[in-house]
Amino acid sequence: MIIPRINIAADSYKDDLTAFSALPNQVLVVPTPDNDRLTEILNNQHKDAYWIQPLAFDPQDPLAQIHTLLDAGADKVVLPYAAFANTDLESSFSHIPQERLAVTLTPAEFAHLDRLLATVSVFILELADTSAESLEAIKAAAQLAQKGLLPRGGVKRVVASFASSTATPGLLAISELGRLGVDTQLSTNVLSTGHEDGKLNLGEAFMATIVSDRPDGLFPTIVVDEQGISLGLVYSSLESVVESFRTRKGVYFSRTRGLWHKGASSGSTQDLIKVHVDCDSDALQFTVHQHGTGFCHNNIRGCFGPSSGLAHLDQTLKSRKISAPAGSYTQRLFKDSNLVQSKIMEEAEELCEAKTPQDIAWETADLFYFALVKCVANGVSLRDVEQQLENRSRKITRRPGHAKPKWDVSAKEAAAAAAAAKESAPTAAAPAASAAANQNGKSGRISMKSYKMNALSAEQQSKLLLRPIIQSNDIMARVKPIVEGVRERGDAALIELTAKFDGVQLESTVISAPFSPESMVLDEKTRAAIDQAYDNIHKFHAAQLQDKALVVETMPGVVCTRFARPIERVGLYVPGGTAVLPSTALMLGIPAAVAGCSEIVIATPPRKDGSIVPEVMYVAHKVGASKVLMAGGAQAVAAMAYGTETCPKVDKICGPGNQYVTAAKMLTQIDSSSLVSIDMPAGPSELLVIADMTSIPAYVASDLLSQAEHGTDSQVVLIAVGLTAEHLAAIEDEVHEQASRLPRVDIVRESIPKSYIIEVESMEEAMKFSNAYAPEHLILHLEEAEKHVDQVMNAGSVFVGHWSPESCGDYASGTNHTLPTYGYARMYSGVNTDTFLKHITSQQLTREGLDAIGDTVMRLAEIEGLEAHRNAVGVRIRDIRGL
Ligand SMILES: NC(=O)c1ccc[n+]([C@@H]2O[C@H](COP(=O)([O-])OP(=O)(O)OC[C@H]3O[C@@H](n4cnc5c(N)ncnc54)[C@H](O)[C@@H]3O)[C@@H](O)[C@H]2O)c1
Ligand SMILES: N[C@H](CO)Cc1c[nH]c[nH+]1
């Protein structure tokens, strides 16, 4: 093997680095370790395996300089024997891995080689000539040094170094050294990638130590890409290697075509990165950067098939960056760095929360995907990332590796434990202590972002209308196998998924009516509250029922009718993930019962003990549900959509839920084999408050927080109409103070930063923004609030004036709380009695009526070319008119 010695003090050093970069190692000779050129070379993230040979060290602290060089990415530091001569090797060098140190020895110092065997891995023997005497000396040294393997694998190396051009060895001498297992180090002054007088050709010198074991004298050559992934197997000849070093391209020897410049005709050329020789010096490995479609003539990347895993993802993303299909998710990610950032944070959090091996693999895959999107979007390849890892592995001084305080979970847990201990102490001040404990070690003000409408561009205003990002593609990918599992394997899948996601091992999945009294035992106060809520909600929803048919005589003798019929079988999803919501059972069950649905199935996640909360069971009983399905999430929706052995298939699924529930509703709705419809895509709760100077800060803040506490994805918005700075500050103070006292402060700490305040000058501006946002809930904290209801065009439900907290609508006033979110209030109504009805129309015509309308129908049928339609009227008209 040839090892070029590059003097980086020379003017030609950059050209030399490039010309000899394909060799596995280079020795860089530098005047001192702290050399600017060297720093620049080592700062390049694609460091080569450089052996750094400083000619002079700081005598005060040579070890510190060696550490610095190794940490900076030097593969080895080359020291003169003098550095080891009068030192206790054990105490000075044992902390430096042997494979990171090389020593230069003059002929007079060869005898000391023995002493260094446990400290260095490379012995560079300086030779004045290639005389038989010199070769004999180096042979003896080699026999001594090459005994045994290095502790971490690999072998010790002996290198013959020829200092001056007068002593340049010929190819024969290099070959002879190679047979002894000795590498040859040569100054770049005596090497050339071309053919220059008085210089050795690099390719020829390189090949001098390599011996083919084939009758045709060729060298099997494995071609790999930058990541070491095999592209194919080819053959090299002396001539092709010489040409490859000269052009720094992939050049091989084709047994049919001779010298083969890869890609010359196809365009799939290769930049040469490295040439390695195998351990017994009879085969080569070319590392290349492959251009074009790939290496293989079958138009794929490699002859052994396409790449897989991260390398495949890296290539796919790179090609998508050039030509992603318009509107594709990846294209959206490339354009929206905020979206990528949000996804990385989201996936990192999910990975931290993942517990099972399957979930950890899933979340890691998600995180890798978005991280790689960020890399590719910014021109960073997977190889660059791997290079960073390799660079880090070269450091010998380790960082402590502590997490930043913001992410230090142990510190947070310690703080939470301290706060909890303080809370339980008899002298602790209850509210403050509970706030500290509830914050789970987090501190800092809980505040919404703030904007002034007149400072925002139209584009910025539109961005504010978007809800916190929900990645439907991702969620869909997770939900699909769940839905398919339940469709194909019914109850068995349901039981498995409930164990996985809800941590409950169920024996059976459904409770059938009549429900046992023990399952719905409630204290009096709770029962009375549910009863009163039930009565009000029932009253309001019963009033919506039009039990009389609509009858209109559109022309004399032409009577059109519309009448309602209940949807027979309905499935009601009652969320139960982060909060148990019997109120949702009321909001869905009552209109279904009022509408007259004959089969009502209520699905809700079971508690850890495998039971359903008695409040939900009591509501199920009151609304006449036939079954309670003990399942949550996508699996519950799938069970109701397709039916299982125990869960009846329903015709419509209603109810809110998290993103898995919503995605499953949408998936099953578009599957025509399920024949199921849904109410609407109801997602994370949201609220918009419009407040003027008559608003009461504590009330405004309490309303905002009432929805912010639902989930981390909830969003609340405050439109401040002409508020003074003091008034606004009072609301913000209330938000922080009230939030800090909430048991669900952890959720609020995540949802409030996704929420915002927007200051406007007038009510017109406020209403315009609110209608564009189309909130699920709208609260008017305004003077004479009722006068503004007329201007509300888009909202799920409106709460008018200071005395109408949104919570009343959530529970008991009578209106429904299952409402459209994400802006769907532009086109959807909240759940109501009609949700559980379908309308059928009918008509009856008299003889006179048909006579009067007949010509119109026949003409229109004629225009559409539908003769049978025309004839159905014509055949009767002929009788009526006696034609
Ligand atoms: N718009 C409305 O009218 C309205 C009303 C009430 C509640 N909500 C909303 O409903 C939502 C309720 O969400 P929730 O999570 O508390 O309860 P949920 O019942 O909707 O979801 C819980 C279920 O999600 C599934 N799940 C959890 N992690 C999963 C994962 N990693 N993969 C697959 N499935 C998983 C589990 O099966 C679990 O049973 C909240 O966003 C709330 O704001 C909306
Ligand atoms: N606010 C929710 C609708 O977005 C419903 C609810 C249930 N319990 C309390 N609130």
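A few comments on the model shown:
- Other-chain or far-sequence residues with amide H under 5 Å of K249's (modelled H): L272
- Straight-distance candidates among the aspartates and glutamates for linking to K374, with alpha-carbon spacing under 19 Å and chain neighbours fewer than 8 residues away dropped: D314, D336, E346, E347, E349, E350, E363, D366, D384, E386, D474.
- Counting only protein heavy atoms and using a 1.4 Å probe, the accessible area of E737 comes to about 90 Å².
- Relative to the longest principal axis of the Cα atoms of the chain, the long axis of helix 382-393 makes an angle of roughly 60 degrees.
- Seen through its C-alpha gyration tensor, with square-root eigenvalues sorted a ≥ b ≥ c, the stretch 528-597 comes out prolate because a/c lies at 1.5 or above while a/b is bigger than b/c.
- Think of each Lys and Arg Cβ as +1 and each Asp and Glu Cβ as -1; about the Cα centre, that makes the dipole of the chain roughly 1440 debye.
- Shape class of the stretch 156-208 from the Cα gyration tensor (axes a ≥ b ≥ c, square roots of the eigenvalues): prolate, since a/c reaches 1.5 or more and a/b is larger than b/c.
- Simple rule: put +1 on each Lys or Arg Cβ and -1 on each Asp or Glu Cβ in the chain, find the dipole, and look at I96, I344, A663; the Cα lying farthest toward the positive end is A663.
- The stretch 733-817: C-alpha pair distances exceeding 21 Å, %: 41
- Once the Cα atoms are used to define both axes, helix 697-708 deviates from the longest principal axis of the chain by about 70 degrees.
- Span per principal axis, largest first, for the Cα atoms of the stretch 1-157 (Å): 38, 37, 30
- For the stretch 309-396, the relative contact order comes to 32 percent (Cα pairs under 8 Å, sequence separation of at least 6).
- Each distinct pair of alpha carbons in the stretch 588-641 adds a 1/r term; the inverse of their mean, the Kirkwood radius, is 11.6 Å.
- Taking all protein chains as they are arranged and a probe of 1.4 Å, the heavy atoms of W362 leave approximately 100 Å² accessible to solvent.
- Heavy-atom surface of the stretch 458-524, accessible at 1.4 Å and reported per residue (Å²): 57
- Test item: Cα-centred dipole of the stretch 88-174, Lys/Arg +1 and Asp/Glu -1 on Cβ, debye: 380
- Listed values for the stretch 515-520 are Karplus-derived 3J(HN,Hα) couplings in whole Hz (6.51 cos²θ - 1.76 cosθ + 1.60, θ = phi - 60°), namely 7, 5, x, 5, 7, 10, and x replaces Gly and Pro.
- Most positive-pole-ward Cα, A592, Q143, P215, against dipole of the chain from beta carbon charges: P215
- Sulfur and carbon atoms: percent of accessible area, the stretch 309-396 [1.4 Å]: 59
- Surface composition of the stretch 699-756: carbon and sulfur atoms hold 52% of the protein heavy-atom accessible area at a 1.4 Å probe.
- Summarising the strand pairing of the chain, around 30 percent of its internal DSSP beta bridges are antiparallel.
- q = 0.05, 0.07, 0.08 Å⁻¹, the chain: log10 I(q)/I(0) [Debye, one scatterer per Cα]: -0.50, -0.81, -0.92
- With contributions of -39500 (n - 2.57) from each DSSP H run of at least four residues, the per-residue ellipticity at 222 nm computed over the chain stands at -12500 deg cm²/dmol.
- Sorted largest first, extent of the stretch 309-396 alpha carbons per principal axis (Å): 44, 32, 23
- The stretch 684-814 - percent relative contact order, Cα under 8 Å, separation 6 or more: 31
- Carbon + sulfur, % of accessible area of the stretch 219-290 - ligands and nucleic acids excluded, 1.4 Å: 53
- Probe 1.4 Å, protein heavy atoms only - accessible area per residue of the stretch 56-212 in square angstrom: 45
- The largest-to-smallest principal axis extents of the Cα set in the stretch 457-601 are 65, 58, 39 Å.
- For the residue pairs K47/K343; K355/K665; K343/K463; K548/K627; K335/K449; K343/K768, the C-alpha atoms sit more than 20 angstrom apart in K47/K343; K355/K665; K548/K627; K335/K449; K343/K768.
- Amide H to amide H, with H built 1.01 Å from N, V30 comes under 5 Å of Q53, L55, counting only residues 5 or more places away or on other chains.
- More than 16 Å apart - percent of Cα-Cα pairs taken over the stretch 219-290: 41
- Under a model in which nothing but the beta-carbon of Lys, Arg (+1) and Asp, Glu (-1) is charged, the stretch 2-207 shows a dipole of about 580 debye around its Cα centre.
- In nm, spacing of pseudo-spin labels at N338 and R478 (7 Å Cα→C-beta vector): 2.3
- Residues whose amide H lies under 5 Å from that of T815, counting only those 5 or more places away or on a different chain, are absent; hydrogens are built 1.01 Å from N in the peptide plane.
- Cα gyration tensor, the stretch 275-314 - rounded (a/c under 1.5), prolate or oblate: prolate
- Calculated FRET efficiency for the pair A118/Q60, C-beta based, R₀ 35 Å, to 0.05: 0.85
- In straight-distance terms, cross-link reach from K156 covers every one of the lysines whose alpha-carbon lies under 20 Å from its own, apart from those fewer than eight places away in the same chain; here that gives K76, K139, K147.
- Intensity falloff of the stretch 146-277 expressed as log10 I(q)/I(0), Debye formula with alpha-carbon point scatterers, at q = 0.10, 0.11 Å⁻¹: -0.39, -0.48
- Calculated FRET value between D879 and H839, using beta carbons and R₀ = 25 Å, to 0.05: 0.15
- Accessible solvent surface per residue of the stretch 309-396, calculated while the other protein chains remain in place, 1.4 angstrom probe, Å²: 57
- Take the Cα of Y756, go 7 Å toward its beta carbon, and the backbone nitrogen atoms of the stretch 691-708 under 19 Å from that spot belong to 691, 704-705, 708.
- Per residue, the average separation of C-alpha pairs within less than 8 Å and at least 6 apart gives the chain a relative contact order of 8 percent.
- Residues L466 and R248, FRET efficiency given R0 of 56 Å [Cβ-Cβ distance, rounded to 0.05]: 0.70
The values are calculated or read from the model by the stated rules, or taken from the named source; none is laboratory data. Values in this document were obtained by computation on a predicted structure and should not be read as measured data. Cβ: placed from backbone, ideal geometry, glycine included. Neighbour counts: every protein chain shown. Surface areas here come from the heavy atoms of the whole protein model, side chains and all, with no ligands, DNA or RNA. Shrake-Rupley method; radii C 1.70, N 1.55, O 1.52, S 1.80 Å.
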